[in-house]
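What follows is one structure encoded as structure tokens, with my remarks underneath.
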Amino acid sequence: MKEHWQKTLCQQLAGDCLPNEPLAALTTWKVGGCAELLVRPRHEQDLSLLAEVIRDHELPWWVLGGGSNVLISERGVAGIVIQMSGFDAITSLAENRLRVGAGCSLARLVRYGVEHGQQGLEALAGVPGTVGGAIVGNAGAGGQEIGERVENVSVWTPSQREAFQCWSRQECRFAYRHSALSSDHVVVAATLKLLPADAVEMRQRMEQALAHRRQAHAVGGPNAGSVFKNPPAGQAWKLIDQCGLRGMKVGNAQVSPQHANFIINTGGATAEEIYQLIHDVQSTVARHTGVVLEPEVRMIGSFGEEHEI
Ligand SMILES: Cc1cc2nc3c(=O)[nH]c(=O)nc-3n(C[C@H](O)[C@H](O)[C@H](O)COP(=O)(O)OP(=O)(O)OC[C@H]3O[C@@H](n4cnc5c(N)ncnc54)[C@H](O)[C@@H]3O)c2cc1C
């Protein structure tokens, strides 16, 4: 049966179709197992074929963007892992609006806006990942969030027969590192509304953001940025620091000595070691301060039930 659906996809998809593909190199933590099948659809017909196969065989599926906010289990990911890298075009529309594909890197989008004298995303310079991942998690930095710039999002829901929909910004319900887009939805593209601005000034702001990041994020190893969201009152790094957890290790995973809300892979860490460390930090902070930190990174695959985060 398995061979049958894999064969159908690999024969008929225009994009890449890679059975048993290692995912670690596609993440910023550089850990994790294989995808049963990794696909990179190239156009809407590919998406329709994928949806048909997913529905007919009731297959699990998951979307991987730039891998900068995920922890993938060493046991790998069952079913189909979809990368939207083939959907990466940027088109200028009237009145400082841009249409951008989900697979476009956020870095390229930010640069495009700056070069065209458009304001609204320049503070996000240096945030890794794709536009799709940024929209789903409402990525933000330096007082800007991508959700503020979204006019609408093209959403593909493989499980539904009416699979393609257009969501307004209101329907996306953006909040701090959150949107209403769930694991049932795939961002295909979005229309963003930027503001007219001076290109030289925008370039300066972008350079400042990049310089700040080079200094603040020099944490000494592969990482996934902030592991925990900031709680409603206070900052996650301060609570972690207050509990004396800076530098704490599980195997080759370590709470960064430079930035207490980052966990680094010091070399050869496993996803399970990182998971265990996230769990230990979360439970220690809860015990000492009463605050249960919510992970910002998303856990993919199974990690054992004894230490649920
Ligand atoms: C050094 C470093 C610094 C960082 N700094 C910041 C920061 O300042 N601000 C900030 O907000 N984040 C920051 N991050 C976190 C991360 O870069 C962002 O969350 C980013 O937007 C994730 O995008 P991605 O494409 O890598 O998503 P992934 O990590 O691949 O995926 C994240 C989630 O989004 C989903 N997803 C991805 N693409 C799609 C799609 N097309 N459709 C539907 N779902 C999708 C995935 O299924 C997953 O659930 C940082 C990370 C690192 C490593």
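The values are calculated or read from the model by the stated rules, or taken from the named source; none is laboratory data. All figures in this text were calculated on a predicted structure; none of them were measured in a lab. Methodologically, a virtual Cβ is constructed for each residue, glycine included, from the backbone with ideal geometry; neighbour enumeration extends over all protein chains shown. Each accessible area value is taken on the protein alone, full model and side chains, heavy atoms only, with ligands, DNA and RNA left out. Shrake-Rupley method; radii C 1.70, N 1.55, O 1.52, S 1.80 Å.
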(request) Could you please tell me the mean projected area of the C-alpha convex hull for the chain, averaged over all directions and given in square nanometres to one decimal? (result) 16.2 nm²
(message) Once each part is reduced to its C-alpha centroid, what is the distance from the range 67-81 to the range 112-154 in angstrom?
(response) 24 Å
(request) Give, rounded to the nearest 20 debye, the magnitude of the charge dipole that the range 166-260 has about its Cα centre when Lys and Arg contribute +1 at Cβ and Asp and Glu contribute -1 at Cβ. (result) 180 debye
(message) Against the empirical 2.2 N^0.38 Å scaling, what ratio does the C-alpha Rg of the range 154-264 come to?
(response) 1.46
(message) Please list, short to long, the whole-number percent of alpha-carbon pairs of the range 90-216 in consecutive 10 angstrom bins beginning at zero.
(response) 14, 46, 30, 9, 1
(message) As I understand it, the dipole of the chain uses +1 on the Cβ of Lys and Arg and -1 on the Cβ of Asp and Glu, about the Cα centre. Which of 119, 269, 153 lies farthest toward its positive end?
(response) 119
(message) Can you compute the charge dipole magnitude of the range 90-216 about its Cα centre, using +1 on each Lys and Arg Cβ and -1 on each Asp and Glu Cβ, nothing else charged? Give it in debye, rounded to the nearest 20.
(response) 220 debye
(request) Take the range 236-300, compute every pairwise Cα distance, and split them into 10 Å bins from 0; I just need the percent in each bin. (result) 24, 58, 18, 0
(request) List every residue whose amide H lies under 5 Å from the amide H of residue 263, counting only residues 5 or more places away in sequence or on a different chain, with H placed 1.01 Å from N in the peptide plane. (result) 224, 227, 256
(message) Given a 1.4 angstrom probe, what's the average accessible area per residue across the chain, in square angstrom?
(response) 46 Å²
(message) Amide H of residue 72 versus every other amide H placed in the peptide plane: which residues, excluding those fewer than 5 positions away on the same chain, fall under 5 Å?
(response) 300
(message) Of 61, 71, 47, which is farthest towards the positive pole of the range 5-104's charge dipole, taken about the Cα centre with +1 and -1 on the beta-carbons of Lys, Arg and Asp, Glu respectively?
(response) 71
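For the chain, with only Lys/Arg (+1) and Asp/Glu (-1) charged at the beta-carbon, what is the dipole magnitude about the Cα centre, in debye rounded to 20?
That gives the chain a dipole magnitude of about 680 debye.
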(request) Could you please state, rounded to a whole Å, how far the C-alpha centre of the range 240-309 is from the C-alpha centre of the range 1-39? (result) 29 Å
(message) Probe radius 1.4 Å, ligands and nucleic acids ignored: give me the carbon and sulfur share of the accessible area of the range 2-83 as a rounded percent.
(response) 46 percent
(request) Restricting to the range 59-150, compute how many DSSP beta bridges are antiparallel as a %, nearest 5. (result) 65 percent
(message) Computing the accessible area with a 1.4 Å probe over protein heavy atoms, can you report the carbon and sulfur percentage for the range 236-300?
(response) 49 percent
(request) First select every other residue whose beta carbon is under 13 angstrom from the beta carbon of residue 253; then total the charges, Lys and Arg +1, Asp and Glu -1. (result) -2
